[in-house]
Amino acid sequence: PIDFIIYYRNHKNKKKLFPFKLIENLILKGFNITVVGDKISIPKVKNKGYLKNKTLLKLQKKAKFTISSNENLYSLFTLECIANNVIVILEKSQNFKIPFFKERFTKINFNNLKELQNLKKIYKSYL
């Protein structure tokens, strides 16, 4: 199984918004991270690159969590994750309004290591 599947696009407007530190902390807490799209240079991240949709959907079906991008809560990648029963993690401080699929989203403080550790319990509560 995959703990986190994350879509990354190396784009000048998105770089500041992308939670690199969160990924490093998740790895420290023992989570395995799979990234699709552009490569991330963080040790222990499995970079899969750009995939055919059929392959991506198979990976999403194996994943427990993803991280929503701050600029678009309902990106195509996020919607596909929701369709494949992946839990979408949001930064608590961003105060997102979630009009659809509320039950598939969980808000946490990305900088709180205890909350990161609790993700395993959160996942079990969704089963």
### Message
Show the residue pairs meeting these rules: Cβ distance below 7 Å; 6+ apart or different chains; first residue within the stretch 60-85 and over 13 Å from PHE105 (Cα atoms) and acidic (Asp, Glu); second residue part of a helix (DSSP H, G or I) and open to solvent by less than 60 Å² (accessible area, probe 1.4 Å).
### Response
GLU80/LEU57; GLU80/GLN60
### Task
May I ask you to verify whether THR106 is out of contact with any Ser or Thr (no Cβ under 9 Å at 6 or more places or on another chain), at pLDDT 90 or above and open to solvent by less than 30 Å² (accessible area, probe 1.4 Å)?
yes
#### Entry: Number of positions in the stretch 5-22 that are at pLDDT below 95 and hydrophobic (A, V, I, L, M, F, W, C)
4
### Task
Check the stretch 110-123 and report whether any residue there is surrounded by fewer than 17 Cβ atoms within 10 Å (Cβ to Cβ), farther than 26 Å from HIS11 by Cβ, of a type in the set (Ser, Thr, Tyr) and touching a residue at least 24 places away in the same chain (Cβ under 8 Å).
yes
### Query
Filtering the stretch 87-100 down to residues that are farther than 19 Å from ILE6 by Cα and open to solvent by 70 Å² or more (accessible area, probe 1.4 Å), which residue is modelled with the lowest pLDDT?
ASN95
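The values are calculated or read from the model by the stated rules, or taken from the named source; none is laboratory data. Predicted model, so just to flag it, every value in this text is computed and none were measured. So basically every Cβ, Gly included, is an ideal-geometry build from the backbone, and we count neighbours across all protein chains shown. These area figures cover heavy atoms from the full protein model, side chains too; ligands, DNA and RNA do not enter into them. Shrake-Rupley method; radii C 1.70, N 1.55, O 1.52, S 1.80 Å.
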